[in-house]
1. So who's got an amide H within less than 5 Å of the one on TYR368, skipping anything under 5 residues away but keeping other chains? H placed 1.01 Å off N, in plane.
2. Cα atoms only, the chain: Rg and Dmax in Å?
3. Once every Cα of region 143-241 carries one equal point scatterer and solvent is ignored, give the base-10 log of I(q)/I(0) from the Debye formula at q = 0.11, 0.18, 0.23 Å⁻¹, two decimals.
4. Report D for region 294-428 in µm² per second (integer): Stokes-Einstein, Kirkwood Rh on Cα pairs, 10 °C, 1.306 mPa s.
5. Dipole size in debye (nearest 20) for region 250-408 around its Cα centre, Lys and Arg Cβ +1, Asp and Glu Cβ -1?
6. Lys/Arg Cβ at +1, Asp/Glu Cβ at -1, dipole of the chain taken about the Cα centre: which of HIS350, GLN293, VAL133 is farthest positive-ward?
7. Is there a quick way to get the dipole size of the chain? I mean about its Cα centre, with the Cβ of Lys and Arg at +1 and of Asp and Glu at -1; what is the value in debye to the nearest 20?
8. Do me a favour and compute the ellipsoid semi-axes for region 97-180 from its Cα gyration tensor, root of five times each eigenvalue, largest one first, whole Å.
Amino acid sequence: MRICVVGTGYVGLVAGTCFAECGNDVTCVDVIPEKVEALKRCEIPIYEPGLEELVRRNSEEHRLSFTTDLDSAVRASEICIIAVGTPMGRSGAADLSAVMAVAESIARAANEDKVVVIKSTVPVGTADRVRRVIEETGKHRLEVLSNPEFMKEGAAIDDFMKPDRVVIGGRDAAAIEKMKELYAPLVRTDNPILTMDNRSAEMTKYAANALLATRISFVNEIANLCEKVGADVGLVRRGIGHDRRIGHHFLFPGVGYGGSCFPKDVQAVIATAQDYQLDFTLLRAVEDVNDRQKRLLVGKVMEHFGGDVNGRRFAVWGLAFKPRTDDMREAPSVIIIERLLAAGAKIAVHDPEAMEEAKRVFGDRITYHRLNYDALEGADALLLVTEWNEFRRPDFDRMKKLLARPVVFDGRNVYEPEQMAAQGFTYYSVGRSPVRLG
């Protein structure tokens, strides 16, 4: 099929590349000339394992191209996918200005009947608004479908190419069948293509992310209670996870969730509920818990050092909001570092992929280290914030020699308390009793 994808952010670039990998002819459109030129050179603006290789291969085999010319891309395509950003506005609602502008531009450029697919995460009712704009602007019949994405950063390609399910919302049977044909190569293992109305499809995306965020905040509250009563949240998590009604996923305690999806989508659901005179009390609590959780590690640091960290040096391992990405949007590391800096501390950081992004956030207020061990030298403690695999089996003897004090604050429960006690560390984690030595 001939497809144009408008927007080369995370969703658009991954979706367009994966559709090209399936043999389709895909043109990705963006309004930023410098970004388009970089993509033509196969320079990827985000870190996503395997993406650069796929972009390069499909570009070289002429299935994937990049342009700023939206009109030509629309006219050459039978399916037009909207994948522009929907950032959170001041009220918490999603900003749909880019989505509506692209819809209008597609309607003006269309030279025949086409299918318009909304892949951006949008509030319930957006497809209806897009449909009205298209009908008012264009001359051709453009059927509007909703096709939310469910990719995880760090595993986006695998998620896209092997989806748990594909959700397609719309009212036109022929347009839905065309989308089913597009996705057919990706569901050969009989994972379902679920068809429904537009509003249900839009709600499905928000409901999924809101529920996952709720699980994270729930286990974090349980973890905080475990610390108070002397229980081990790791054992509790395993104990409840074997209940088939609950399962193990998204029940790992830590310093809170971040990224481009969960914080924004939880806020969007709350805002949508307000529009309909509903107070989504549960999600407000989820958000409050997550906000407090991001401050948890700093509280432990302040308590350990008697409330005064002025002039102390701390090493931070992990800056991205999760492993296998360089995304620092709403990352717990930002809150943690900013609060320590405000208290007069000095910060040395390392992350396998997010160092350049961190420089845009912190500038020269902290020091950056290419090797994780280099950040430890002379530090009063290590704060582990992101659970990269590189941090799971460190040289503990080397760590002790480099640190001024053998103190570790583990925000992701990467290590075991017994292990750290045996290695001679004072060790704080989440939802488990601390190890205090000497």
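1. Those qualifying (amide H under 5 Å, at least 5 residues apart or on another chain) are VAL349.
2. Values for the chain (Cα only, Rg and Dmax): 23.7, 78 Å.
3. Log10 I(q)/I(0), no solvent term: -0.49, -0.88, -1.16.
4. Numbers: Rh = 14.6 Å.
Answer from the Stokes-Einstein relation: 109 µm²/s.
5. Computed charge dipole of region 250-408: roughly 540 debye.
6. Of HIS350, GLN293, VAL133, it is GLN293.
7. Details: 58 positive and 64 negative charges, 198 e Å.
Dipole of the chain, to the nearest 20 debye: 940 debye.
8. Working: eigenvalues 122, 43, 25 Å².
After diagonalising the Cα gyration tensor, the semi-axes are 25, 15, 11 Å.
Throughout, read-outs are computed from the coordinates displayed, never taken from laboratory work. These figures come from a predicted structure and were not determined experimentally. Ideal geometry is used to build each Cβ from the backbone, glycine not excepted, and the neighbour counts take in all protein chains shown.
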